[in-house]
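Read the figures in this text as sums done on the coordinates, not as results from a lab. Note that this is a predicted model, so its numbers are computed, not measured. Cβ placement follows ideal geometry from the backbone for every residue including glycine, while neighbour counts extend to all protein chains displayed.
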Number of protein chains: 2
Amino acid sequence: MTSEAAKRQRASGRPATIDPDAVAGLALDLFAEHGYENTSMEDIARAAGIGRKSLYRYFASKADLVWGGTEPVVEASTLAFGSFHQQGKSDADVLAGLREAAAAGAAVIPDLSVTRGRLRLIAEHAELTSRSYESLAPQREKALAFLVESGLSDSAARFLSAAYLATTFEAWMQWAAGSDPDPVPYLLAALEVLRVPLEKAGVG
Amino acid sequence: MTSEAAKRQRASGRPATIDPDAVAGLALDLFAEHGYENTSMEDIARAAGIGRKSLYRYFASKADLVWGGTEPVVEASTLAFGSFHQQGKSDADVLAGLREAAAAGAAVIPDLSVTRGRLRLIAEHAELTSRSYESLAPQREKALAFLVESGLSDSAARFLSAAYLATTFEAWMQWAAGSDPDPVPYLLAALEVLRVPLEKAGVG
DNA sequence: CATCTTATGACACTCTGTGTCATTATGTAA
DNA sequence: TTACATAATGACACAGAGTGTCATAAGATG
């Protein structure tokens, strides 16, 4: 039994026999070998030795096999947002908070080569690229909350958080397209195009 | 025969009998009445008095019925980018070019109330919101080309165009959620969060 | 061993999106 | 008027995503 399976273990009842991480990795291998659209959910289930319905119990969609494991990144970013405030820094320098959060998110990724493979697969398929808006929604919410707490108007905070997500995603894509080991310089360069509006205001 | 059908008319052969605009409008009505996911392509085809296959000949996907008619907006934005350069303005003020392009795009929309309805439908369905990345791709390319021509590095231009699209989309969504007649103030406010990096450089 | 909990997968279903192909309608030329 | 070319049309069939139901299997607990 893997650690992932152990996590799902309850006090009683049948324990999980499927390791989601292993299945996702296997799916990524199949996608790399035969192509994303040429690999059906049934193919993946068969290769994993499980049923198609069981596969859907762990992954709500085919895209979830690629977009996945972002919870630790969001969690690390959220912690960075929180500690940034706790350090009593100025609200005027919210951009520094965004930079720290982006870097903190990147820092918790265990295997960057796997992430690079996932991002390249995402870049190659519009169906997966589109998914970014949904998949990054939790990060957007955390950034929005941070910006509102920093004193920005709701409207300005929404604009800035939208730009924050779009630029950092673009940074990750640029990093994935190359071979540089460290994504952080890309993230910092991306955030250079952002600024906090002087009036901190929205429309009007 | 409508003007739209006339546009598709060739020198010879059977002329089109289906008006895509009418079909899309009818589809929007059905979505509003029964909900997006409760309305199948077959329902729409039946209501329009055509076959499902014919419906797919005019609209590549169900989402295309909602995301559609953006070509004039892209065209107007592109023209604004071009005339901005022709006026011999400084490359340093590329943000003004982005503002003009965004406003020019909004100016060519014939019926804003229809656009508001479409955007609200998009806001309510993650499936449609996700589509923004693909649907806005042409605008992203035009903005990217403009920024590169303005002297930005390819990397910085990609970051800025990503932020441009994300913020203007967010502006449209905020406008659609309210009742203000003019979307331009939202667009201008959104672009206030952008800046041109001083070194105009990318990573490194 | 009995029982409870949960994973599992078989079955059936709707819907999206695609491909093929015969048919029909209409404009143009002989 | 008669071919003829062109393109719209829709009938049929199909793969695959995603969902719902339900009987069964398997392991943990008492």
> Sorting A:Asp182, A:Asp29 on the 10 Å Cβ count, fewest up front, what's the list?
Replying inline: A:Asp182, A:Asp29
> Ranking B:Ser77, A:Ser153 by Cβ neighbours within 10 Å, fewest first, what do you get?
Replying inline: A:Ser153, B:Ser77
> So who's got an amide H within less than 5 Å of the one on B:Leu194, skipping anything under 5 residues away but keeping other chains? H placed 1.01 Å off N, in plane.
Replying inline: A:Arg195
> Given Cα pairs under 8 Å that are at least 6 residues apart, what percent is the relative contact order of chain B?
Replying inline: 17 percent
> Cα extents of region B:12-163 along the three principal axes, largest first, in whole Å?
Replying inline: 55, 42, 27
> Taking the alpha-carbon centroid of each part, what is the distance from region A:41-58 to region B:28-54 in angstrom?
Replying inline: 33 Å
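Given a Förster radius of 30 Å and the C-beta distance between A:Ser83 and A:Arg195 as r, what FRET efficiency does 1/(1 + (r/R0)^6) yield to the nearest 0.05? Intermediate results must be reported in sequence, preceding the final value.
Numbers: r = 23 Å, r/R0 = 0.77.
Result of the calculation: an efficiency of 0.80.
Is there a simple number for the mean count of other chain Cβ atoms within 10 Å of the Cβ of residues in B:167-174, and what is it? Before the final figure, lay out the partial values.
Values: counts 8, 2, 3, 9, 6, 0, 2, 7.
Mean number of neighbouring Cβ atoms from other chains: 5.
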> Cα-based count: Lys pairs in the protein assembly as shown below 30 Å, eight or more positions apart or different chains?
Replying inline: 24
>> What distance in nm lies between label points placed 7 Å from Cα along the C-beta direction at A:Ala60 and A:Glu134?
In response: 0.7 nm
> With point charges of +1 on the Cβ of Lys and Arg and -1 on the Cβ of Asp and Glu, referenced to the Cα centre of region A:54-167, which listed residue (A:Thr115, A:Ser77, A:Ala137) lies farthest in the positive direction of the dipole?
Replying inline: A:Thr115
> Can you list, shortest first in nanometers, how far A:Ser40 lies from the same residue in the other copies, with each label 7 Å from Cα toward Cβ?
Replying inline: 2.0
> Going highest first, how would you order B:116-122, B:59-65 by mean Cβ packing within 10 Å?
Replying inline: B:116-122, B:59-65
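For chain B, what is the mean residue ellipticity at 222 nm derived from helices alone (per DSSP H run of n ≥ 4: -39500 (n - 2.57); sum divided by total residues; nearest 500 deg cm²/dmol)?
On the way: 12 runs with 133 residues, N = 204.
Result for chain B, helices only: -20000 deg cm²/dmol.
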> For the residues B:Phe159, B:Phe81, what sequence is obtained by ranking on other C-beta atoms within 10 Å, fewest first?
Replying inline: B:Phe81, B:Phe159
> What is the mean number of Cβ atoms from other protein chains located within 10 Å of the Cβ atom of each residue in peptide B:155-161, rounded to a whole number?
Replying inline: 6
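Excluding A:Trp175 itself, calculate the net charge of residues whose Cβ lies under 13 Å from the Cβ of A:Trp175, where each Lys or Arg counts +1 and each Asp or Glu counts -1. Don't jump to the answer; show the numbers that get you there.
Values: positive: A:Arg116, A:Arg118, A:Arg120, B:Arg158; negative: A:Glu170, A:Asp180, A:Asp182.
Around A:Trp175, the surrounding residues sum to +1.
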>> Tell me which GluC sites (Glu not before Pro) from region B:27-77 have a DSSP coil assignment and no more than 12 other beta carbons within 10 Å of their own.
In response: B:Glu37
> What is the calculated FRET efficiency for A:Ser90 to A:Asp182, with r their C-beta to C-beta distance and R₀ = 30 Å, to the nearest 0.05?
Replying inline: 0.60
> By how many nm would the segment from B:Lys53 to B:Asn38 lengthen if fully extended, with 0.36 nm per residue of separation less the alpha-carbon distance?
Replying inline: 3.5 nm
> How are the Cα pair distances of the protein assembly as shown distributed, in percent, across 10 Å bins from 0?
Replying inline: 4, 19, 27, 26, 17, 6, 1, 0
